[in-house]
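Trainee: Next up is a structure, given as structure tokens.
The values are calculated or read from the model by the stated rules, or taken from the named source; none is laboratory data. Quick caveat: nothing in here was measured; it's all calculated off a predicted structure. Here Cβ is always computed from backbone atoms with ideal geometry, including for glycine, and neighbour counts include all displayed protein chains.
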Amino acid sequence: MLIGELSRRTGVSARLLRYYEEQGLLGTRREANGYRTSSDDAVVTVRQIRALLAAGLNTDVIRDVLPCANGGQPELDLCPRLVRTLTDELAAMDDRIDSLRQTRGTLAAYLPGS
């Protein structure tokens, strides 16, 4: 399918689909006329990418774990590598939240009545 059709079927702009391709997340092939084409499986892949992005993962992490993601949005069948990566990312996110809470507490202490 052409990129425009993939865009219509997923609700993701063609520009963003090209970005996913550049990042190695989405496989496409070039036809003799230069048009990008994707298989029907690309719809599920784009949904997986969007779900993993919504979970806070960056494209580098997604590129690493996407091969073991099965199923479409909103659920993913999780392989051990994806579970480990999500667990690590969640721990890192918790650390960032704790740091922000501490910083917020320090800043709030400067205000009267806090």
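Trainee: Quick check, is residue 66 out of contact with any His (no Cβ under 6 Å at 6 or more places or on another chain), crowded, with 16+ Cβ neighbours inside 10 Å and not in a helix (DSSP H, G or I)? Walk me through it before giving the result.
Mentor: Details: out of contact with any His (no Cβ under 6 Å at 6 or more places or on another chain): yes; crowded, with 16+ Cβ neighbours inside 10 Å: yes; not in a helix (DSSP H, G or I): no.
No: the conditions fail for residue 66.
Trainee: I would also like to ask the following. I want to confirm something. Restricting to segment 1-24 and keeping residues that are among the basic types (Lys, Arg) and without any contact (Cβ under 8 Å) to a residue 12 or more places away in the chain, which single residue is surrounded by the most Cβ atoms within 10 Å (Cβ to Cβ)?
Mentor: Only one residue tops the list, namely 8.
Trainee: Being buried (at least 18 other Cβ atoms within 10 Å of the Cβ) and not basic (Lys, Arg) narrows it down to one of 52, 78, so name that one.
Mentor: Details: 78 fails: buried (at least 18 other Cβ atoms within 10 Å of the Cβ).
Being buried (at least 18 other Cβ atoms within 10 Å of the Cβ) and not basic (Lys, Arg) holds for just one of 52, 78, which is 52.
Trainee: What do you reckon, is residue 105 assigned to a helix (DSSP H, G or I) and of a type in the set (Gly, Ala, Ser)?
Mentor: Numbers: assigned to a helix (DSSP H, G or I): yes; of a type in the set (Gly, Ala, Ser): yes.
For residue 105, the condition - assigned to a helix (DSSP H, G or I) and of a type in the set (Gly, Ala, Ser) - is met.
Trainee: Right, something else. Can you tell me how many residues in segment 25-38 are surrounded by 13 or more Cβ atoms within 10 Å (Cβ to Cβ) and assigned to a loop (DSSP other than H, G, I, E, B)?
Mentor: 4
Trainee: Suppose the filter is under 14 Å from the mean Cα position of the chain (by Cα), polar (S, T, N, Q) and modelled with pLDDT of 85 or more; does residue 45 pass it? First the steps, then the outcome.
Mentor: Details: under 14 Å from the mean Cα position of the chain (by Cα): yes; polar (S, T, N, Q): yes; modelled with pLDDT of 85 or more: yes.
Yes: the conditions hold for residue 45.
Trainee: Quick one: what pairs do we get from segment 81-98, first residue free of Cβ contacts under 8 Å to residues at least 24 places away in the same chain, second surrounded by 12 or more Cβ atoms within 10 Å (Cβ to Cβ) and of a type outside the set (Asp, Glu), C-beta under 7 Å, 6+ apart or different chains?
Mentor: Partner pairs satisfying both residue conditions: 81/65; 81/68; 82/65; 82/68; 82/69.
Trainee: If you don't mind, another one. Can you tell me which residue is farthest from residue 90 (Cα to Cα) among those in segment 39-49 that are surrounded by 15 or more Cβ atoms within 10 Å (Cβ to Cβ) and among the polar types (S, T, N, Q)?
Mentor: Filtering segment 39-49 down to residues surrounded by 15 or more Cβ atoms within 10 Å (Cβ to Cβ) leaves 42-49.
Subsequent filtering for residues that are among the polar types (S, T, N, Q) retains 45, 48.
Values: 45: 22, 48: 18 Å.
Checking each candidate, the answer is 45.
Trainee: Another one. In segment 78-114, which residue that is at pLDDT below 95 and β-branched (Val, Ile, Thr) is farthest from residue 66 (Cα to Cα)?
Mentor: Across segment 78-114, the extreme among qualifying residues is 87.
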